[in-house]
Amino acid sequence: MSAHLKRAGGREGVASCQLGILFCTLNTHKIDMDKLLGGQIGLEDFIFAHVKGVKKEVDVLKSEDSLGLTITDNGAGYAFIKRIKDGSVIDRVKVISVGDHIEGINGKNIVGIRHYEVAKMLKDLEISQTFTLKLIEPMKAFEMIEPRSKGGKLADGNISSGRETLRLRSKGPATVEQMPSELEEKAIKKVDDLLEAYMGIRDIELAATMVEAGREKKNPDELAVAFDETLGDFGFPDEFVFDVWGAIGDVKQGRF
């Protein structure tokens, strides 16, 4: 198996810190935050690295409780703007864009802080307060180029289902695993939607971990214990745990 890495700025190369990589996308050179590289890579996937572009500092007046942005991260200490709600506080600040890396808030460097912590920092800001965001936008290149079409057929071999992925872990070796079932994928998407509604973040890997944690659980209390053991740092509220349990229950009962 060979790995393919293309730099969104144009040249093909090997990832290194010298490139100033912000994040990587799968199978598209565009700044598509729904295609961020996560913990799983399909065996035929191409990876595009997006490098640092223009730095900017923006003053924002928090005129409403909700800023209207969704935050994600790359798992390596960089938080990004994943989505901006139309007509929101952030949407009215035209120099802020989807894909921008949030480097600092009010002079505090937040590199290395997880996206849910960044979301909480912004949520805790008082209404009518003006705050400063230090942002780095990814370098834009090849915006008019369409993705390559997939040609040819796979040679006969061990890959038959097309649903194998390479699972990357922070500890231990990478392993080839089966992708979640269609029903599990629907549950993961629902849990990801719940993460956005409750916490202002989207994290498909976190959602998958939560669905996996609930597979063998018999009631919400057992699920809450599992979350405390594996995801205790998040401090999920009880109503969120119940909603996650409901989503997992819908899958178990085939209601999706």
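Which residues, counting only those in region 68-80, are in contact (Cβ under 8 Å) with a residue 40 or more places away in the chain and out of contact with any Lys or Arg (no Cβ under 8 Å at 6 or more places or on another chain)? Break it down into steps so the answer makes sense when it comes.
Step one: of region 68-80, the residues in contact (Cβ under 8 Å) with a residue 40 or more places away in the chain are 69-75, 78, 80.
Across region 68-80, the qualifying residues are N74, G75, Y78, F80.
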Out of all the residues in region 31-51, which are under 24 Å from G200 (Cα atoms), more than 10 Å from the chain's Cα centre (by Cα) and part of a strand (DSSP E or B)? Q40, H50
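Considering each of A226, A213, A208 in turn, give the residue that is surrounded by 10 or more Cβ atoms within 10 Å (Cβ to Cβ), modelled with pLDDT of 50 or more and in contact with a Pro (Cβ under 7 Å, 6 or more places away or on another chain). Don't jump to the end; show me each part of the working.
Details: A226 fails: in contact with a Pro (Cβ under 7 Å, 6 or more places away or on another chain); A213 fails: in contact with a Pro (Cβ under 7 Å, 6 or more places away or on another chain).
Result of the check over A226, A213, A208: A208.
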Residues being assigned to a loop (DSSP other than H, G, I, E, B) and exposed (fewer than 13 other Cβ atoms within 10 Å of the Cβ) - total across region 52-64: 2
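For the subset of region 170-190 comprising residues that are of a type in the set (A, V, I, L, M) and modelled with pLDDT of 70 or more, which member is farthest from G75 (Cα to Cα)?
Keep residues of region 170-190 that are of a type in the set (A, V, I, L, M), which gives 174, 176, 179, 183, 187-188.
Next cut, modelled with pLDDT of 70 or more only: 183, 187-188.
Details: L183: 26, A187: 22, I188: 18 Å.
Looking at residues that are of a type in the set (A, V, I, L, M) and modelled with pLDDT of 70 or more, I get L183.
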Here are some residues: A208, A226, A197. Which one is among the small types (G, A, S) and over 21 Å from the mean Cα position of the chain (by Cα)? A226
Do you know which residues across region 215-238 are in contact (Cβ under 8 Å) with a residue 12 or more places away in the chain and in a helix (DSSP H, G or I)? P220, L223, A224, A226, F227, T230, L231, F234, D238
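Residue-wise test of (1) surrounded by fewer than 21 Cβ atoms within 10 Å (Cβ to Cβ); (2) over 11 Å from the mean Cα position of the chain (by Cα); (3) of a type in the set (S, T, Y); (4) at pLDDT below 90.
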{"residue": "I71", "(1), (2), (3), (4)": "no, no, no, yes"}
{"residue": "N74", "(1), (2), (3), (4)": "yes, no, no, yes"}
{"residue": "G77", "(1), (2), (3), (4)": "yes, yes, no, yes"}
{"residue": "I81", "(1), (2), (3), (4)": "no, no, no, no"}
{"residue": "D91", "(1), (2), (3), (4)": "yes, yes, no, no"}
{"residue": "K94", "(1), (2), (3), (4)": "yes, yes, no, yes"}
{"residue": "V98", "(1), (2), (3), (4)": "yes, yes, no, no"}
{"residue": "I105", "(1), (2), (3), (4)": "yes, yes, no, no"}
D193 versus (1) touching an Asp or Glu at 6+ places or on another chain (Cβ under 7 Å); (2) under 28 Å from H50 (Cβ atoms); (3) modelled with pLDDT of 80 or more: which is the lone unmet condition? (1)
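When the residues of region 111-128 are narrowed to those that are within 18 Å of I21 (Cβ to Cβ) and without any contact (Cβ under 8 Å) to a residue 60 or more places away in the chain, which ends up surrounded by the most Cβ atoms within 10 Å (Cβ to Cβ)? It would help to see each step written out before you state the result.
Taking region 111-128 first, the residues within 18 Å of I21 (Cβ to Cβ) are 111-112, 115.
Going one step further and asking which of them are without any contact (Cβ under 8 Å) to a residue 60 or more places away in the chain, we end up with 111-112.
Values: V111: 12, G112: 10.
Residue satisfying both the conditions and the ranking: V111.
The values are calculated or read from the model by the stated rules, or taken from the named source; none is laboratory data. Every value quoted in this text rests on a predicted model; they were computed, and no experiment measured them. A quick note on method: Cβ atoms are made from the backbone with ideal geometry, for glycine too, and the neighbour counts reach across all protein chains shown.
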